Structure formats: structure tokens, C-alpha cells
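A.B. asks: What follows is a structure written as C-alpha cells; I'll ask about it next.
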Amino acid sequence: MQRPPPEDFSLKETNPHLGGGKITGDKLTSTYDLVEQMQYLYVRVVKAKDLPGKDVTGSCDPYVEVKLGNYKGTTPHFEKKPNPEWNRVFAFSKDRIQSSVLEVTVKDKDFVKDDFMGRVLFDMNEIPKRVPPDSPLAPQWYRLEDRNGVKVKGELMLAVWMGTQADEAFPEAWHSDAAAVSGADGLANMRSKVYLSPKLWYLRVNVIEAQDLIPTDKGRYPEVFVKATLGNQALRTRISQNRGINPMWNEDLMFVASEPFDEPLILSVEDRVAPNKEEVLGRCGIPLQYVDRRLDHKPVNTRWFNLEKHVIIDGEKKKDIKFASRIHMRICLEGGYHVLDESTHYSSDLRPTAKQLWKTSIGVLEVGILNAQGLMPMKTKDGRGTTDAYCVAKYGQKWVRTRTIIDSFTPKWNEQYTWEVSDPCTVITIGVFDNCHLQGGDKGGGAKDSRIGKVRIRLSTLETDRVYTHSYPLLVLHPNGVKKMGEIHLAVRFTCSSLLNMMHMYSQPLLPKMHYIHPLTVSQLDSLRHQATQIVSMRLSRAEPPLRKEVVEFMLDVGSHMWSMRRSKANFFRIMGVLSGLIAVGKWFDQICNWKNPITTVLIHILFIILVMYPELILPTIFLYLFLIGVWYYRWRPRHPPHMDTRLSHADSAHPDELDEEFDTFPTSRPTDIVRMRYDRLRSIAGRIQTVVGDLATQGERLQSLLSWRDPRATALFVLFCLIAAIVLYVTPFQVVALLTGFYVLRHPRFRHKLPAVPLNFFRRLPARTDCML
């Protein structure tokens, strides 16, 4: 009996007040029905006109200050512009409002002290409410007043309303939470954002042959190979077997290319003139925009490409000399494959690259990212621990990033996102990170956003149309052990548009058909996945605000294939868990054979006789039994999504040295004596595995030796036994043989010996090829 997991690491079901209490079976009640409503005061500052001149020159440098209690937001200032346009939105959280008056002031930027130009006051009790889908509130002109309430020159166009986070103005608004953030870069780094992964293609380069190459040294046979480069990916063919000026290869090179195909494919034909020296015989550049796109397995046409040779004279590249050398290739962008950029166990998208091959979506996934509880301090600021948390969710090509909540261990995001689902056997990943770029971009000396934890939810484990509200533990493995970094509160709903289409998906191949018609090798897939993750992380890190490399790599599980003693143990015990059912059946059958419970054994005898007499009942009985087991287990079906299990992962019992090895770099950076100790440990484990593999090989070779005459007496005995068995079985009805065999296996212990059976003795005496091993 397994101990229950520690309460601290378990999944907790919650009952939040979703959608302002409007969560019902009708999914059209609100677009934000999976989150708790958060009230905000919105102030849209549009523009001003007829502002009075304040400088000596009679001009002004105006900006607007929006103040509510202790919170203050400002627009940028415009130099010498009496009719400025800002079009900025400010959002103040209702939970933090401590004033009954909103003050919107126009000021003139000055070196010494900013001049007051006029203001507009609003009573908080008179501000209108707006809830989408109501149309946006139209801005109005307000006359400026001085501090005594007297009208002065100048007008300000404003819109002020109370709304929720469902408002269209919410994502781009300046938030009162961000009052401590400085600079435009810092503000951009804390906003919510939706990103799309770049569209990735596999590029297949089939290098066939080259003609009329001109090697420098005419007195030797050239050793020619082709080197292909795309961005930072470089591959090369083997050296051609037919040495000469017309070499042949017929070899495939695979690359990952991303739209909009900025980088050309560069091919160079090179001659290895010495062990570490190559000479370029010709080059050509191929823009990918003009390459054929293939949607199925039909081959594209081959093409000849002219090779150019660059001649360098006095250190300067002179005009390309065209000559007769050329290369024959078949190049295509493969639209029928899915470019794997995630771990295959946690794929969120399995569709092919080409949209023409996409099937209709089967449903919609909605995720409400509510809040987090009990986050750990991730950095120190002003002598105390602090955390600036944001979430990233990834499903398919769509990534979402919530806004950053400043300096809070219990951040409330309450943001809702939607994805189209094309396959139920996919996984959504939600990660929580600490923002280290709030003080103006990368000026902090290349600081990285810290990972707080992540959650994975497999869609096929969810019931359709049910709202799952759970608090998930954020568990992270550190070199000193597993640590709970807090909890994230999510609301998840998977809505199916067509149950028939979804059931049909279970009969379809997991990957597009090209993966089965022209499969890629395991080493190719590993290399291509690495290149794909590099391209995705590079492209998303160039967005604004950037989704940084360390965030993307954590979400895509880069490095999860590296050796880990802990993970190896966990996988071994998972296999044992799978086999435990068979072992349990074996023990039960052994008890039947040994008559531990005579009544059960007699019933098994009766069942056995019925099945032998009526063999047509065997398969229906098996399937009926499986059906009844499935129906019985329905009562105890899981009522919550799966989550990280520390015991299954062996994270709670891992030795500190094993964890230190798991977090080591590749290649290793540890001292020599530690590396030697780990190497010896690995050798001892590998030795045991080697022994088990050798034993398996021995049993297989003994089976082969039954008819090989390697042991002439054993083979003669077996051949003679086969002849007698054939005659006996020919003249005896099959049912009689089956009954006799069954009764012999189930015989009473009084008729059993403790010594091994004769067939087993015979089998163990057969020769294997262990004698031939060095």
C-alpha cells in the first residue's frame, strides 16, 4: 500500500467565484467567465487643445498627470506643442483605491519645477460603469480649472469609467501596480502579450551529383564532399566513393527553415586535400522563397545549379569567375511533416506544416489563470526578498504571457485565454517566472528571468464541458532536492464541438502521414528538434516585450534528454509498475495451481472445462471480463487532472550527489575525482545491465540451438520428441490434449515435485554462444 503524497505537494480542488458569479452552462455569458472579476478605474487621456504658453517664448511642453490617492501615472511630454495628442490609458485597481477624488492635471515640463497649467476633478461616486460587450465610452472635452476651481484657458479630452479586466483597454493600459517600474522598457516588459511561434518547415536537400569540377591539383583524385549551410545549421555529405571530377552522392540533408526565409541555403563543394584542410571547388546560394513546396511523398523535379568560384587577389574578393562546374540536386520544403520543437511526450501540436493539410478543429480549450499563492522570494531588493511574477502558457503555435504583478507573493492575474484544439492527445504547459527586467531592459547585466515552476495538463484526461478549478503545486528540482515554490490557481475548460470528430481522432495516426511514409531517423529528429527550439527561442526573444530564451527553453523542456540517475530509477520503477499486473496474475495462478484456496481452484477447473468444450466462448469471455472491469473502475475514475508526482519522479528520495550530477553542465565542469567516482558508479550500473542483456541473449540462443545440431544429442532428442508429438496430436482430438494439459498444470500439490520440470531441465542444458565470447 503506497503512502499518500505529502499534503503540501498535492493538487487541491477549489471553488472560486468565477465570472462574477455568472458561470453557468451557457458559455456565452461572458468572454471572461473562467476568472474572478477584478474592478478597475480606467482613465483614457486622448488630447488637449488651446493650452496657454508658459515659457518665455510663449510655448509649452505639456504632459498629463493622473493621480488617485497615492498612485500617480504620467504621459510623455511634447516639446513646444499647445495641441498635444497622447491617447494613453491608465488603470487603477479598485482594491487599492483609497481616495474619493480622481485628479487629472496638465503640467508644463520645466528644468527646475514643472508648472501647473490646469486640472479636471472627478468624484469617484459619479464615474459610470461599463461592461463589454457595451460599446466603449466616448471621450469628452473638459475645460481646465485652476486650484480654486476657476475655469482657465485650455481643454482636455478624457474618458473615465469603471470596468473589469475584460475591457479592451486593459492589455495596453498603464497599471497602478507598475508605479515602481521605471522607463518605457520596464513598462513594456510587464505587459501581457500573445505570441505566435514562427512557421517552421523541414528543408530536404537531396545532393545527387556534381559535374566538371576543377580541382587545383590535377595530379590526384579529389576527395569531394558537399557542405550545406542554413543560418547556424551546417551539414555535410560523406566523401564521394567515385573519385574524379564527376562525383556522386545521392544523399539527403535535412534542415529546419522558418518563414519569412530571410537566410539563403549556401552549398559549397569541397575537396579534402589533407586531413584537416579542405579546398572549396565551387559555391552556390539558393534563396528558399523559390524552392518547391511538397505536401505529399511525390518527388519534386531535380535541378542543376551552377557553381561559382570566388577568386581572392591581394586580399580582395574580385568578380566571380563563372565556369562549367555544376551540381545536381532535388530541394524541397516539406509541408507534410510536423516540425517537432517540443518533447514528443508533451506535444501541444501535431499538425503538418502546410495549412492545406490541417483538419478542422475538434474543440476549444479555455484557461483562466487566476492567481498564485505562497510564492517564494526570488530576488533581493532594498534588503528584502521580493518576487515579480508572470505566467507563460503554450499550446500549439500560440504562446501567451500574462502581465507581471510587482512585488507580490500572492499575485492575482485573472486573465483568460482561448486555444483551438485539433487533437485531444496534446498537452498545455503553463509556467510561472520571476521578471528580472523591470528596470529598463537588459541594463541589469544580462540577468535571466528565474523559473518558479510549471504545470502540464493533458487534454485527453479532461471531461468535456466541465470547469476544472484546482490549485497546482509549483514543484522545482534544485541541486539540494525538490522544493515547492508556491501554488498556481487555474480554471480549465475543454469544450468539444463534435464528439464524433473527437472519437474519430483516436483512430488516426498521431503524426502526419509523411512521418510514416518517409520516416526520419532518431538522430535526425534529435538534431532537427534542437535546431527548431533554437529558432523558436531566438525569434520569440526578439519580440516586444521579449519572451526570453531561458523561458522558452524551460517551456519546451530543452535538456530533458540528458542523463539523470534519478530519472533512470524512476523509469525502471515505472516499468516494474507496468509489469506488476502480470506478476500479480502469475502469483494468483501459482496459488490456484497449489490449491491454496480449493474452492477457487475447483471453479477454475469448471471454467477451464467449459472453455475447452466450447472454444468459441474464449474471446467473448475475455472481452466481457475486460468490459466488466472497466465499468467497475468507472466509480473510481480520476476526478482531477494529473499533476507532478514527486514520488513517481523519485525527486523526494534522490541522493544529493545524483542531483548534483543531473544539474552538471555538458561537458562536465566538476573536479576530476568526482567525475571519476561518477564514472565508476555508471560502470557498475552498466555492468549489471550488461549481465541482464547477456542472459536474455543466452535464452534466445538456446531456443535457436534446438534445431541447429550444435549439441547433436539434444537436437536428436528434440527432433524425435517433435515426431512423436506430431503423431500423438494427429490421432488425439485437440480438446482431449487441452484438457489433459490443463489438468496436469492444475494438479494437486500431492502430485508435484519441488525439483524443476523435465522441459526446463532440458532447456537449461542447451548450448548458447557464451562459449564463443572473449
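The values are calculated or read from the model by the stated rules, or taken from the named source; none is laboratory data. Owing to the predicted nature of the structure, the values given are computational and were not obtained by experimental measurement. Heads up, the Cβs are rebuilt from the backbone with ideal geometry, glycines too, and the neighbour counts pull from every protein chain shown. Heavy atoms of the whole protein, side chains included, go into the accessibility calculation; ligands, DNA and RNA do not. Shrake-Rupley method; radii C 1.70, N 1.55, O 1.52, S 1.80 Å.
A.B. asks: Just to be sure, is Gln416 open to solvent by 20 Å² or more (accessible area, probe 1.4 Å) and of a type in the set (S, T, N, Q)?
C.D. replies: On the way: open to solvent by 20 Å² or more (accessible area, probe 1.4 Å): no; of a type in the set (S, T, N, Q): yes.
Spelling it out, it is not the case that Gln416 is open to solvent by 20 Å² or more (accessible area, probe 1.4 Å) and of a type in the set (S, T, N, Q).
A.B. asks: Can I ask one more? So, of the residues in region 84-108 that are polar (S, T, N, Q), open to solvent by less than 40 Å² (accessible area, probe 1.4 Å) and within 28 Å of Lys54 (Cβ to Cβ), which turns out to be modelled with the lowest pLDDT?
C.D. replies: Going through region 84-108, the residues polar (S, T, N, Q) turn out to be 87, 93, 98-100, 105.
Of the ones still in play, those that are also open to solvent by less than 40 Å² (accessible area, probe 1.4 Å) are 93, 99, 105.
Subsequent filtering for residues that are within 28 Å of Lys54 (Cβ to Cβ) retains 99, 105.
Values: Ser99: 86, Thr105: 93.
Across region 84-108, the extreme among qualifying residues is Ser99.
A.B. asks: Among the residues of region 708-720, write down those that are open to solvent by 100 Å² or more (accessible area, probe 1.4 Å) and closer than 17 Å to Leu760 by Cα.
C.D. replies: Result: Arg713, Leu717.
A.B. asks: (1) surrounded by fewer than 19 Cβ atoms within 10 Å (Cβ to Cβ); (2) of a type outside the set (Asp, Glu); (3) at pLDDT below 90: which one isn't true of Met190, the others all being true?
C.D. replies: Among (1) surrounded by fewer than 19 Cβ atoms within 10 Å (Cβ to Cβ); (2) of a type outside the set (Asp, Glu); (3) at pLDDT below 90, the lone unmet condition for Met190 is (1).
A.B. asks: Confirm whether Thr229 is modelled with pLDDT of 90 or more and either assigned by the TED database to the domain that holds Val522 or in contact with an Asp or Glu (Cβ under 8 Å, 6 or more places away or on another chain) (or both). Outline the logic, then answer.
C.D. replies: Values: modelled with pLDDT of 90 or more: yes; either assigned by the TED database to the domain that holds Val522 or in contact with an Asp or Glu (Cβ under 8 Å, 6 or more places away or on another chain) (or both): no.
So Thr229 fails the test.
A.B. asks: When you check Ala228 against the structure, is it open to solvent by 40 Å² or more (accessible area, probe 1.4 Å) and of a type in the set (A, V, I, L, M, F, W, C), yes or no? Quick ask: steps written out before the conclusion?
C.D. replies: Details: open to solvent by 40 Å² or more (accessible area, probe 1.4 Å): no; of a type in the set (A, V, I, L, M, F, W, C): yes.
Considered against the rule, which asks whether it is open to solvent by 40 Å² or more (accessible area, probe 1.4 Å) and of a type in the set (A, V, I, L, M, F, W, C), Ala228 comes out as no.
A.B. asks: Right, here's the next one. Going through Thr404, Thr386 one at a time, which residue ends up being within 23 Å of Ser471 (Cβ to Cβ), buried (at least 23 other Cβ atoms within 10 Å of the Cβ) and among the polar types (S, T, N, Q)?
C.D. replies: Values: Thr386 fails: buried (at least 23 other Cβ atoms within 10 Å of the Cβ).
Exactly one residue qualifies, and that residue is Thr404.
A.B. asks: Okay, moving on. Mind checking which pairs have a first residue in region 555-577 that is under 16 Å from His650 (Cα atoms) and a second that is in a loop (DSSP other than H, G, I, E, B) and polar (S, T, N, Q), Cβ under 9 Å, 6 or more apart or different chains?
C.D. replies: Pairs that qualify, where the first residue is under 16 Å from His650 (Cα atoms) and the partner is in a loop (DSSP other than H, G, I, E, B) and polar (S, T, N, Q), are Ser560/Ser343; Arg566/Ser649; Arg566/Ser653; Arg567/Ser560; Arg567/Ser649; Lys569/Ser653; Ala570/Ser564; Ala570/Ser649.
A.B. asks: So, of the residues in region 740-759 that are at pLDDT below 90 and either outside the structural domain of Thr601 (by the TED database) or among the aliphatic types (A, V, I, L, M) (or both), which turns out to be nearest to Leu707 (Cα to Cα)?
C.D. replies: Val758
Residues are listed down the side, and each one gets a yes or a no for (1) in a strand (DSSP E or B); (2) at pLDDT 90 or above; (3) more than 16 Å from Val64 (Cα to Cα):
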residue	(1), (2), (3)
Phe111	no, no, yes
Pro132	no, no, yes
Leu137	no, no, yes
Tyr142	yes, yes, no
Arg147	no, no, no
